[in-house]
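Here is the structure we will look at.
The values are calculated or read from the model by the stated rules, or taken from the named source; none is laboratory data. No experiment lies behind these values; they were computed from the predicted model shown. Neighbour counts run over all protein chains shown; Cβ positions are idealised from the backbone, glycine included.
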């Protein structure tokens, strides 16, 4: 559904509307907001310079909402007309070791560092505790790189407490995590490598989700944690589809997909499902996240190479559910541009740099050009079959 | 890559009156459409919510 763009008399606001809902872009705050129908109507009335009483009277002429309801919505909407800029910018979301990055660091020959590369960003990693170092270097061996200079040096030190060992992680001399038990270390390391890899690249925007080369095009699987992205990604990878990433859909300024070659994290609920395709899962070490979830790591058979997106793209937000669903019909729901943006940002996103009107229009244009759907399924066969149908 | 059809109703070549009329038309249209909704304004993107996406948390949380 194409969006209609309306510039307002308050020139720091721009409206985007479809048939049902809208968004407003606040130029000085560099912020984008979703609006239901009533808020669009109120914004247009306030923009005419009317005071609260006049706005309510005007809208009440054609709205079925009560005066009390209109007043409540008005009070939520009117702060949008504050033209003051935010005190922080998008660049403040960069990780501190990037903000302080000056130059690469030398890695001494025969030093106790394991060196690796992710999306042309280089790392040297060491750990005082040998078993941990062995686990990390073994797990990351597919991205080993023989390099003398690295962007980031990650060091894991050990502290012995009365009860157990605890670990501290520093990156380029900055302490980034502390008081970690053994089981939590590797997920933190993998996450850090992933995030530093895309943040150090020339990216425009990234979303939480998987990006896969699918048939002669690209499949984007955004969504919240637990929705089934990683399991689907692992299954697709096993079927011969190269992976860009199972965690981060990172788009460059030219809308290329960044390939972040790191192992896929599989949560415990999918281990038995994936073991036939990935026998190494059976004996893989179990790691943990602070929220209690257990996971294991697997490597897909092939990664995609960074490339300009020129083939067909489909965005499918997986929604795994245990509810009983008619096996012949997994549910697919087409998403509008605004609904897609809501889904993408709610699941997790990051902008590299300031959000200008021109940049926003490019992002909207990209989403509008890509068919977007939410897929609800309860078995992997359902999901794979539905993806095939959506691709036709 | 195709471009979205962004119909900009406030082009510099547009007639001021027409633009105001179009705005009033949308004001009435969305006023009539309006239903009770729990949230009047939802932040989609802002410097406060932009953060490296991580598996263990939604946006706004920089750490697990």
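The table that follows gives values for the structure above.
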{"item": "Condition met for residue A:374 (within 17 Å of the chain's Cα centre (by Cα) and more than 14 Å from chain B (Cβ to nearest Cβ))", "result": "yes"}
{"item": "Wholly enclosed strands (runs of 3 or more DSSP E) of the stretch A:155-263 bearing at least 2 residues without any contact (Cβ under 8 Å) to a residue 24 or more places away in the chain and out of contact with any helix residue (DSSP H, G or I) (no Cβ under 8 Å at 6 or more places or on another chain)", "result": "A:165-171, A:174-180"}
{"item": "Hits in the stretch A:123-150 - residues which are touching a residue at least 60 places away in the same chain (Cβ under 8 Å), over 18 Å from residue A:286 (Cα atoms) and either outside any strand (DSSP E or B) or out of contact with any strand residue (DSSP E or B) (no Cβ under 7 Å at 6 or more places or on another chain) (or both)", "result": "A:142, A:143"}
{"item": "Residue in the stretch A:271-282 that is part of a strand (DSSP E or B) and either touching a residue at least 24 places away in the same chain (Cβ under 8 Å) or buried (at least 19 other Cβ atoms within 10 Å of the Cβ) (or both) present", "result": "no"}
{"item": "Residues that are surrounded by fewer than 20 Cβ atoms within 10 Å (Cβ to Cβ), part of a loop (DSSP other than H, G, I, E, B) and touching a helix residue (DSSP H, G or I) at 6+ places or on another chain (Cβ under 9 Å), drawn from the stretch A:285-298", "result": "A:285, A:286, A:290, A:293"}
{"item": "All positions within the stretch B:6-25 that are modelled with pLDDT under 75 and in contact with a helix residue (DSSP H, G or I) (Cβ under 7 Å, 6 or more places away or on another chain)", "result": "B:6, B:9, B:10"}
{"item": "Single match in A:306, A:291, A:381 (criterion: over 22 Å from the mean Cα position of the chain (by Cα) and at pLDDT below 90)", "result": "A:381"}
{"item": "Tally of residues being over 13 Å from residue A:313 (Cβ atoms) and in a strand (DSSP E or B) across the stretch A:361-376", "result": "3"}
{"item": "Qualifying residue in the stretch A:234-245 (condition: within 13 Å of another protein chain (Cβ to nearest Cβ), crowded, with 22+ Cβ neighbours inside 10 Å and at pLDDT 90 or above)", "result": "yes"}
{"item": "Residue A:249 within 25 Å of residue A:118 (Cα to Cα) and within 15 Å of the chain's Cα centre (by Cα)", "result": "yes"}
{"item": "Residues (at pLDDT 90 or above and more than 7 Å from chain A (Cβ to nearest Cβ)) located in the stretch B:26-38", "result": "B:29"}
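Table: residues versus (1) surrounded by 15 or more Cβ atoms within 10 Å (Cβ to Cβ); (2) out of contact with any helix residue (DSSP H, G or I) (no Cβ under 8 Å at 6 or more places or on another chain).
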{"residue": "A:47", "(1), (2)": "yes, no"}
{"residue": "A:55", "(1), (2)": "yes, no"}
{"residue": "A:63", "(1), (2)": "yes, no"}
{"residue": "A:75", "(1), (2)": "no, yes"}
{"residue": "A:93", "(1), (2)": "yes, yes"}
{"residue": "A:100", "(1), (2)": "no, yes"}
{"residue": "A:109", "(1), (2)": "no, yes"}
